[in-house]
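Reviewing the structure listed below.
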Amino acid sequence: MNTNAVYSSNHKFGKIVHINELENEPKKYIGETVRVLGKLISYNLKENLALLEHPLSHKKLLVDTRNLINWSGRLKSFQQFIGDIIEYNNSDIENKFKFNSTIKNYNNGIILRADIFRCVDGLDFNVYEQVVDIRRKFEKEYFNN
C-alpha cells in the first residue's frame, strides 16, 4: 500500500510521521510528503514560519506556512500540517523567533513546506499515537509482504 497516494494531479495524502521521528532522522524524509501533528509553540507571520513541538518528546519541527491561505496560528493549539520536507539551512532561527527564549540552536537542516493545515484541538495525543502505531503495524503486516 502506498501511503503517499496521489488524489489529484499534484496533491498527496502524506505519510503520517511523528515530529520526533523527523528530528531523529531528518535527512531520511527529504523529498517526502508527510502529515505531522504538534503543538504550535511559536510563529513569525512576517517570515511565514511556525514552530511545532511534539507534546510528549518536546522535539520540534520548523514549518514554512507561505502556501497556506488564511492561516494565522494560535499558540498552544494542536495543528496538523501536510506538506513536503525540504532541506533548509535554519542557522539563523534564533533571530527569526527573537521573543521565544526556548529556541536557541535549533537546526536539524529540514523544514516542512506546508500545503494543507487544520486545527485539531481536543485531540487526545496519547490515543492518536497509539492509533498511528496500530495502523503502521497493520500496513506492515498486510501490505508490505
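Of the residues that sit in segment 101-138 and are over 13 Å from Leu52 (Cβ atoms) and in contact with a Ser or Thr (Cβ under 7 Å, 6 or more places away or on another chain), which one is modelled with the highest pLDDT?
Asp121
Can you report the number of residues in segment 1-33 which are at pLDDT 50 or above, within 15 Å of Phe81 (Cα to Cα), touching an Asp or Glu at 6+ places or on another chain (Cβ under 9 Å) and in a loop (DSSP other than H, G, I, E, B)?
Number of matching residues: 5.
Under 8 Å between Cβ atoms, which residue pairs at least 6 apart in sequence (or on different chains) link something in segment 60-81 that is farther than 24 Å from Pro26 by Cβ and touching a residue at least 24 places away in the same chain (Cβ under 8 Å) with a partner that is of a type in the set (A, V, I, L, M, F, W, C) and not in a strand (DSSP E or B)?
Ser72/Leu45
The values are calculated or read from the model by the stated rules, or taken from the named source; none is laboratory data. The structure displayed is predicted, hence computed values, not measured ones. With ideal geometry, Cβ positions are generated from the backbone for all residues, glycine too; neighbour counts draw on all protein chains shown.
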